[in-house]
Amino acid sequence: MTDPAGEVAVVGLGPGSRAWTTPEAADAVAAADVLVGYGPYLDRVPANPRQERFPSDNRVEAERAAHALELARAGRRVAVVSSGDPGVFAMAAAVLEVADRPEFAGVPVRIVPGLTAAQAVAAKVGAPLGHDFCVLSLSDVLKPWDVVLDRLRHAAAADLVIALYNPRSKHRPHQLGEAQKVLLENRSPDTVVVVGRDVGGSAERLTVTTLGDLDADTVDMRCLVLIGSSRTRVSATGAVYTPRTYPADPS
Ligand SMILES: C[S@@+](CC[C@H](N)C(=O)[O-])C[C@H]1O[C@@H](n2cnc3c(N)ncnc32)[C@H](O)[C@@H]1O
């Protein structure tokens, strides 16, 4: 039996800075009586003695989702917190997938959006996402590496601006370098590249470089990498932007 008072709100806190948490997200977190999420994300929410907290490791998405749904089924108002937007490489899809199981039929789930890291990095340097772009995760934890490389090849050939999430980790130190080689098959070494690290946080750093000069060893999991299209440029004042118009023949 589902207690009608319960619900799961999957909430995006935005990247890093409290200023990037929307009023709707802040209200959803404040209204909850239980908070569930990856420990470092929960740490971003101010303590509230009325609320119970269940921090977990970042590799246990399905278990965390099931736990949140069980609590909601029992009548608790649960907020599952994600950084950025919960629908972008985060908990929203994981919760909806588990909520689709018959045992959770009738448990209300709502998604509260947040600013995603690609938007925050883009705004810090200008407007590199001003024309068509795509978003890829370089992590091969949830999909095969061959699929990642194939998608990179197609995105590069389509001349899309590419936002790379999860670009490099201690367990996957060679993948960004390999991705860079694949991108260079279809893109000029002069292609503008932006690396945003911990944007909105205390260790924020922004680097504007090129695809040829990108030093993959300086990138880690706290970074987001934007690969420009053939049209992305750096203005006289140092702003990075991709023009809104696209020529019939980009060559
Ligand atoms: C598991 S994904 C979560 C993405 C998140 N849901 C979002 O919408 O931004 C984690 C990746 O997001 C990117 N990221 C998240 N916050 C960031 C920040 N403040 N600065 C730069 N990149 C960030 C990094 O690429 C990191 O490896």
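Readers should treat all values here as calculations from the given coordinates under stated rules, not as data from a laboratory. Please read all numbers here as calculations on a predicted model, not as lab measurements. All Cβ positions, glycine included, derive from the backbone under ideal geometry; neighbour counts span all protein chains shown.
Farthest toward the dipole's positive end in the chain, which of SER235, VAL36, VAL107, given Cβ charges of +1 (Lys, Arg) and -1 (Asp, Glu) about the Cα centre?
Working it through, the farthest residue towards the positive pole turns out to be SER235.
Roughly how many debye, to the nearest 20, is the charge dipole of segment 1-133 about its Cα centre, given +1 on each Lys and Arg Cβ, -1 on each Asp and Glu Cβ, and no other charges?
340 debye
What size of dipole, in debye to the nearest 20, comes out for the chain about its Cα centre when the only charges are +1 on Lys and Arg C-beta atoms and -1 on Asp and Glu C-beta atoms?
Dipole magnitude for the chain comes out near 400 debye.
Given +1 on the Cβ of Lys and Arg, -1 on the Cβ of Asp and Glu, and no further charges, what dipole in debye does segment 73-218 carry about its Cα centre, rounded to the nearest 20?
640 debye
Under a 5 Å amide H to amide H cut-off, with H placed in plane at 1.01 Å, what residues pair with VAL36 once short-range neighbours are removed?
PHE54, ALA79, VAL80, VAL81
Using θ = phi - 60° and the Karplus relation 6.51 cos²θ - 1.76 cosθ + 1.60, list the HN-Hα couplings for segment 22-37 in order, rounded to whole Hz, with x at every Gly or Pro.
5, x, 5, 5, 4, 5, 5, 5, 5, 7, 6, 9, 9, 10, 10, x
Starting from 0.36 nm per residue, how many nanometres of slack lie between SER235 and SER169 once their C-alpha separation is accounted for?
Gain on extension, SER235 to SER169, equals 20.6 nm.
Could you give me the ³J(HN,Hα) list for segment 126-140, computed from phi with Karplus coefficients 6.51, -1.76, 1.60 and θ = phi - 60°, whole Hz, x at Gly and Pro?
Going residue by residue, I get x, 9, x, 9, x, 10, 4, 8, 9, 10, 10, 9, 7, 5, 9 Hz, with x marking Gly and Pro.
Taking a spot 7 Å from the Cα of ASP217 along the direction of its beta carbon, which residues of segment 156-197 have an amide N less than 14 Å from it?
From segment 156-197, the list is 173-174, 177.
For ARG53 and LYS181, what does the FRET efficiency come to when R0 = 45 Å and r is the distance between their Cβ atoms, rounded to the nearest 0.05?
Values: r = 43 Å, r/R0 = 0.96.
Calculated transfer efficiency: 0.55.
Could you compute the FRET efficiency for ASP146 and ALA74, with r as their C-beta to C-beta distance and R0 at 51 Å, rounded to 0.05?
Values: r = 43 Å, r/R0 = 0.84.
With a Förster radius of 51 Å, E is 0.75.
At a 10 angstrom cut-off on C-beta neighbours, averaged per residue, how do the peptides 123-131, 95-103, 193-201 rank from highest to lowest?
193-201, 123-131, 95-103
Would you mind classifying the chain by shape? Square roots of the alpha carbon gyration tensor eigenvalues, ordered a ≥ b ≥ c; an a/c under 1.5 is rounded, otherwise it is prolate if a/b is larger than b/c and oblate if not.
Taking the square roots of the gyration eigenvalues as a ≥ b ≥ c, the chain is prolate.
With an 8 Å cut-off on Cα pairs and a minimum separation of 6 or more residues, tell me the relative contact order of the chain in percent.
Working: 510 pairs, mean separation 49.4, N = 251.
Dividing the mean separation by the residue count of the chain yields 20 percent.
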